[in-house]
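Here the structure comes first, spelled out in structure tokens, and everything after it is commentary.
Computed from the coordinates by the stated procedures, all read-outs in this text should not be read as laboratory data. Keep in mind that what you see is a predicted model, and the values were worked out from it rather than measured. Every residue, glycine among them, receives a Cβ derived from its backbone with ideal geometry; neighbour counts consider all protein chains shown.
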Amino acid sequence: MVLGGSKQQRFDLIVSFSDDPIGRLQTDGQQKESPMSRIAYILNGPNLNLLGKRQPAIYGHETLADVEADCGRVAQELSLEIKFHQSNAEYQIIDWIHEAREHASGIVINPAAFTHTSVAILDALNTCEFPIIEVHISNVHRREAFRHHSYVSLVASGVIAGFGTQGYQLALHRLARLIDEAKK
Ligand code: DQA
């Protein structure tokens, strides 16, 4: 269980359970391939449903459907199965994180404004024993001071910000690498 651990502790835990990250070893010691071993949840927070229409000078012209299609293509190359979701409701994102902790091997999350406010999303992510990559389309560090703090970064394996919607694809590449490393 990773509850409120530091980043270093979290990393150690990921490495230490990599012998059997999601129950791939059967009781007789034989290796079995978990059917869930390459599922990645891609979660998007509030207002990202308006991507393409919303402040295009900051967030670009691509829609969330375009992002989902791009992620689908990259996921195929990486042999990942993705579950792509967006919600404006904090509880819904938490429920998806709970679902992911049972079925997935990693999360890519753009929590949008919840990044800067949500202890509840941090707490939910802290129940997950797999890699989490935080994505921001814009370079939040070049923007208002309130965007410089992220609760989610406390639990994220890494953060990608300022690469536009390409950040999601970069995050999937990193996630696939971390999933592969956890299997070794
Ligand atoms: C964002 C950055 C957040 O500060 C903002 O509230 C968003 C989007 C991004 O992708 O750049 O809604 O997460």
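Only counting other Cβ atoms within 10 Å, I'd like 183, 53, 83 sorted with the fewest neighbours first.
Working: 183 18, 53 10, 83 15.
In increasing order of surrounding Cβ atoms, one gets 53, 83, 183.
Could you go through region 66-71 in sequence order and give the Karplus-derived ³J(HN,Hα) for each residue, using 6.51 cos²θ - 1.76 cosθ + 1.60 with θ = phi - 60°, rounded to whole Hz, and x for Gly and Pro?
Calculated HN-Hα couplings, in order: 4, 4, 4, 5, 4, 5 Hz.
If you rank 142, 174 by fewest surrounding Cβ atoms within 10 Å, what's the result? Provide the component values of the computation, followed by the final result.
On the way: 142 10, 174 17.
Exposure proxy ranking, most exposed first: 142, 174.
With the convex hull built on the Cα atoms of region 105-171, state its orientation-averaged projected area in nm².
On the way: hull surface 16.3 nm².
Approximately 4.1 nm², given one-decimal rounding.
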